[in-house]
1. Just add up the charged neighbours of residue 45: K/R +1, D/E -1, any other residue whose Cβ is under 12 Å from the Cβ of residue 45.
2. Where does each of 54, 171 land when they are ordered by accessible area, with a 1.4 Å probe and the largest first?
3. Could you grab the Rg to Rh ratio for region 1-59? Cα atoms only, Kirkwood for Rh.
4. For the pairs 128/168; 31/60; 128/166; 16/37, flag any whose C-alpha to C-alpha distance is greater than 24 Å.
5. Testing the spin-label approximation: label points 7 Å from Cα along Cα→Cβ at residue 122 and residue 37. State their distance in nm.
6. Mind grabbing the accessible area of residue 71 for me, 1.4 Å probe, Å², rounded to tens?
7. Can you tell me the FRET efficiency between residue 165 and residue 4 if r is taken as the Cβ-Cβ distance and R0 is 35 Å, rounded to the nearest 0.05?
Amino acid sequence: MRILLVEYKNTLQDVKEEIVQIDKLIEPIVKKEVDHKMTPEDEAQLQELRRIKSALNSDKANLEYAINWMRTGRQPYSYNGIENRKAYEHKSYPPSFFNQIEAPVQGSIDEPIKGVAVEYLLKDLTEKEKDVFILISLGHSMREVADMTRMNREKVRRLYIQADIKVKKRSNLV
């Protein structure tokens, strides 16, 4: 993918240079047009150069679009796709639903529902935040989590605080 991206960038640079060359060819003809000294041949040449420049500008826009897509991994200017997935996945749970999570009963019928609720609460967390939040929730100390994840304790503390805030917001407790 990197090689393709480099080729696209090189092609984009070539197209930009061609546009500059076309502009240099158009400039004297436009001067003749302003001075009213333009011949029919000049007019035809100007039309052809403008058509070529228009095609090159279209190619330039397409290359920039493709480069942006390859660089980011997302379709440029698309805001109704995967970027807004969470807006479509929003579920509304009553507050009593979250109270069930605190006292799980082993082997109960509610276990699958609790799994969905926990998944819902942790959905906004990054991978590091999930790791830290789950480990601390399981009873490990900040020092133990720092050793397990090979992070310093301050970072573990910050990640836990961020995760806790996100979980509380998600459960409407804040």
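1. Values: positive: 32, 50, 51; negative: 33, 41, 42, 43, 48.
Computed value for this residue: -2.
2. Highest to lowest solvent-accessible surface, that is 54, 171.
3. 1.19
4. With Cα atoms farther than 24 Å apart: 31/60; 16/37.
5. Simple spin-label model gives 7.8 nm for this pair.
6. The accessible area comes out at roughly 150 Å².
7. Between residue 165 and residue 4 the formula returns 0.30.
The values are calculated or read from the model by the stated rules, or taken from the named source; none is laboratory data. Since we're looking at a predicted model, the values are computed, not measured. Heads up, the Cβs are rebuilt from the backbone with ideal geometry, glycines too, and the neighbour counts pull from every protein chain shown. For the accessible areas, the whole protein counts, side chains as well, though only heavy atoms, and no ligand, DNA or RNA atoms are used. Shrake-Rupley method; radii C 1.70, N 1.55, O 1.52, S 1.80 Å.
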